[in-house]
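J.: Just dropping this structure here.
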Amino acid sequence: MSSSPRAGSYDSASGPCKRSAYSYPALWAAAHSPSSFSFTACSQATTGDVVSKQLGPLNSSTGLVSITVGGNDAGFADTMTTCAVQGESACLARVARARKYINTALPHRFDTVYDAIKGKAPHTRVVVLGYARFFKLNGSCSVGLSERSRAAINAAANDINSLTKKRAHDHGFRFADVNAAFAGHELCSGRSWLHSVTFPIDESYRPTAIGQSRGYLPVFSSAA
């Protein structure tokens, strides 16, 4: 489940959820022609939204599920807005608050989502994908966020990926780390597969269409 705002070619029926034909789930389905395919991801969805709105198609015969979740629970959009418009001190404070949430509140929320998936589709293979690290530190960016802000944001991404990996493994799911695939293609690398700051802010720092096809898709395909 990854709707991929900013990748383009959105399904008009998905409305504000912005499900893109260039997102890795749609690309995987186009390449493999499964007997059925349900794409329920939604931009800005939280773990609660996944449980209440996105698990309807799952049942005992479901064969494969993909999911990326947690960033919105931790206040991704608000954190990035703060960092983009309020300067380094406010950014570092907001990232610290997000990291505290990740390490205290998010474990239970992950368990709730993963338990719900397992309850509805007990025999399915579940692939939980992590988030790409956003910035190449000491890279080519000469304007925008400070280097300390970029490092703090990367540290928060590391936190959520580490937690996701542990909770996924604890539930018998596969964790797929995309950072090796995105190495050399972070923001400030000069060859980024991620969108930089844009408005609306929720579309910032999301994978480009190339990031979906060359980053997320092969990692997911290997894990699936």
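J.: Within region 178-210, can you find the residues that are touching a Leu at 6+ places or on another chain (Cβ under 8 Å), under 17 Å from Y24 (Cβ atoms) and either open to solvent by 20 Å² or more (accessible area, probe 1.4 Å) or outside any loop (DSSP other than H, G, I, E, B) (or both)? Can you show your working first?
T.: Keep residues of region 178-210 that are touching a Leu at 6+ places or on another chain (Cβ under 8 Å), which gives 178, 182, 185-188, 194, 196, 205-208.
Filter once more, so that each one left must be under 17 Å from Y24 (Cβ atoms): 178, 182, 185, 194, 205-208.
Within region 178-210, F182, H185, L194, R206, P207, T208 qualify.
J.: Which of the residues that make up region 159-183 are touching a strand residue (DSSP E or B) at 6+ places or on another chain (Cβ under 7 Å) and farther than 22 Å from G119 by Cα?
T.: First, pick out the residues of region 159-183 that are touching a strand residue (DSSP E or B) at 6+ places or on another chain (Cβ under 7 Å): 164-165, 168-169, 173-176, 178.
Within region 159-183, just V178 meets the criteria.
J.: Restricting region 160-177 to residues that are more than 16 Å from the chain's Cα centre (by Cα) and in a loop (DSSP other than H, G, I, E, B), which is farthest from F220 (Cα to Cα)?
T.: Here the answer is H171.
J.: Among the residues of region 47-71, how many are buried (at least 19 other Cβ atoms within 10 Å of the Cβ) and either modelled with pLDDT under 95 or under 16 Å from the mean Cα position of the chain (by Cα) (or both)?
T.: Going through region 47-71 one residue at a time, the tally reaches 10.
J.: Report yes if some residue within region 2-24 is closer than 21 Å to Y216 by Cβ, assigned to a helix (DSSP H, G or I), modelled with pLDDT of 95 or more and of a type in the set (A, V, I, L, M, F, W, C); otherwise report no.
T.: no
J.: Residue check: is A157 free of Cβ contacts under 8 Å to residues at least 40 places away in the same chain, more than 21 Å from R214 (Cα to Cα) and either not small (G, A, S) or not in a loop (DSSP other than H, G, I, E, B) (or both)? Talk me through it step by step, then tell me what you get.
T.: On the way: free of Cβ contacts under 8 Å to residues at least 40 places away in the same chain: yes; more than 21 Å from R214 (Cα to Cα): no; either not small (G, A, S) or not in a loop (DSSP other than H, G, I, E, B) (or both): yes.
For A157, the condition - free of Cβ contacts under 8 Å to residues at least 40 places away in the same chain, more than 21 Å from R214 (Cα to Cα) and either not small (G, A, S) or not in a loop (DSSP other than H, G, I, E, B) (or both) - is not met.
Rundown of residues vs (1) β-branched (V, I, T); (2) closer than 20 Å to A157 by Cβ; (3) not in a helix (DSSP H, G or I), yes/no style:
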| site | (1), (2), (3) |
| --- | --- |
| M80 | no, yes, no |
| C83 | no, yes, no |
| R97 | no, yes, no |
| A116 | no, no, no |
| V127 | yes, yes, yes |
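J.: Give the residue, chosen from R109, R125, R97, that is within 20 Å of A26 (Cβ to Cβ) and either open to solvent by 10 Å² or more (accessible area, probe 1.4 Å) or free of Cβ contacts under 8 Å to residues at least 40 places away in the same chain (or both). Let's see the steps before the verdict.
T.: Values: R109 fails: within 20 Å of A26 (Cβ to Cβ); R97 fails: within 20 Å of A26 (Cβ to Cβ).
Step by step, each of R109, R125, R97 is checked, and only R125 is within 20 Å of A26 (Cβ to Cβ) and either open to solvent by 10 Å² or more (accessible area, probe 1.4 Å) or free of Cβ contacts under 8 Å to residues at least 40 places away in the same chain (or both).
The values are calculated or read from the model by the stated rules, or taken from the named source; none is laboratory data. Only a predicted model underlies this, so the values are computations on that prediction, with no experimental measurement involved. As a convention, Cβ positions derive from the backbone with ideal geometry for all residues, glycine included, and neighbour counts pool all protein chains shown. Ligands, DNA and RNA are stripped out before the accessible areas are found, and what is left, the full protein with its side chains, is counted by its heavy atoms. Shrake-Rupley method; radii C 1.70, N 1.55, O 1.52, S 1.80 Å.
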